[in-house]
Amino acid sequence: MIRSLMIRSLRARLFVGMTVVIILAGCAGGTFAYFWAFGEAIEMQDSILIQIASLVKGGGFDSGQPLHGVDEDAEVVVIELGTAPRGSPEDRQLFSLQDGLRIAQRAGRPIRVLLRTRPDGSRFAVAQRTAIRDEIAGELALRTLVPIAALVPCLMLITALVIAGSLRPVVRLARDLDSRRADDIRELPAAGTPSELHPFIASINGLLERIKSMLEQQRRFIADAAHELRTPITALSLQAENLEPVPLSAEGRDRLAALRNGMRRTQHLLEQLLALARQDAGLPDTAEPVALDRLAKEVVADLLPEAARRSVDLGFALVEPVLAIGQPVMLGTVMRNLIENAVRFTPGGGHVDIGVYREGSNAVLQIEDTGPGIATGDLDRIFEPFFRGSRPAEDGTGLGLSIVKRIVERLHGSVAIENRSEGDQTGLRATVRLPASDAAALSPCQKQTAR
């Protein structure tokens, strides 16, 4: 699993690869530095033997006498050999050696020895145990590894920072894409990104352009089809109304009523499709302060006959003067769709309560009903076009909430749908939050528009 994650993560692959290179380079460099420092330490100790021999060449020292001024741990001694072989067999063996640096044995242990002859013919040797020399050289060589050992984690940290910095443009592009709305298909900017990413960005931009073209064709098709169908549907509706005064049998009346209901649903579908096409085409950039409370009263007044026909109590639970930044037509569409849905799905004898108020920097529209609510599994999909839920109780197009969400998001607001339960009463709550406008900050023209 870890290997799979590393393969999928470019950052992990780069970091692991660079870490392996750094460690291998550190090991190779450390090995070279160790043996180089070890050899240098051996040569330095040979130089010390030569310097000591030069100092004592003019005078005499007793055999085995320690030298003052030399580290005791070095165990360097001067051995007087005289003018002729004498003493122990080991001293005689030393005397037989030629002047210079040699490896010999003393007390059964190997030593490094420097032999010299004075002008009077007497000879001496400056000696040091080989084991001591190797120990001193090894300690000095290990000290050279400390900077390398400290440098490796520092290089790993620097490598991680460099990799993170190098991949930051990719993360920035991903964050840019994640923060966009579903209908935002603007091109990705290539400015400020590494040249290696330009082909990738160009490919994504090409894909976005193709998606944009496809969506535009789809929008035009929906709009054209809706426009083309409105005329015959309107003509059929007029013909059906003309049949109203004509004497018909009971069965004929029932069929005429079914026909009129079907045409009314079809006309409503066409209106929703046209509204959806307008939203896909985009809203004008001009937004103005809209009196949300006044607009809500107008929409409620239009829907009161339908609510009375269904025996639904439609009214305001709270209404405060508040201005929202938007467009009257679009905000009216939002209110109409939400309130109409609430009235349609509330059973007879129920009620729909509307609240319009200000909350901080937001203008809030809240609609609560006493209907059956929405199945929990459908809440995540309720804003999808043509989705009517798993238990539709009324005829509908499944476009109303999708249109609401698109309008609200274009106005930089938010909409939330949730089930509510208060005692033995259940229902649905729809909450729309829009940027509020401060009346004191409006120009006279804008205030007049808001009124």
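The values are calculated or read from the model by the stated rules, or taken from the named source; none is laboratory data. No experiment lies behind these values; they were computed from the predicted model shown. A quick note on method: Cβ atoms are made from the backbone with ideal geometry, for glycine too, and the neighbour counts reach across all protein chains shown. Calculation scope for accessible area: heavy atoms of the full protein, side chains included, ligands and nucleic acids excluded. Shrake-Rupley method; radii C 1.70, N 1.55, O 1.52, S 1.80 Å.
Heavy-atom accessible area with a 1.4 Å probe sorts Asp134, Asp380, largest first, into Asp380, Asp134. Ordering Leu140, Asn242, Ser195 by Cα displacement along the dipole of the range 112-264 toward the positive end leaves Leu140 in first place; charges were set at the Cβ atoms of Lys, Arg (+1) and Asp, Glu (-1). Once you list every other residue whose beta carbon is under 15 Å from the beta carbon of Arg433, what net charge do they have if Lys and Arg are +1 and Asp and Glu are -1? Local net charge: 0. Considering only Cα atoms, the convex hull volume of the range 125-208 works out to 145 Å³ per residue.
P(r) for the range 87-155, from all Cα pairs and a bin width of 5 Å, is 3, 14, 19, 15, 11, 9, 8, 6, 6, 4, 3, 2, 0 %, short bins first.
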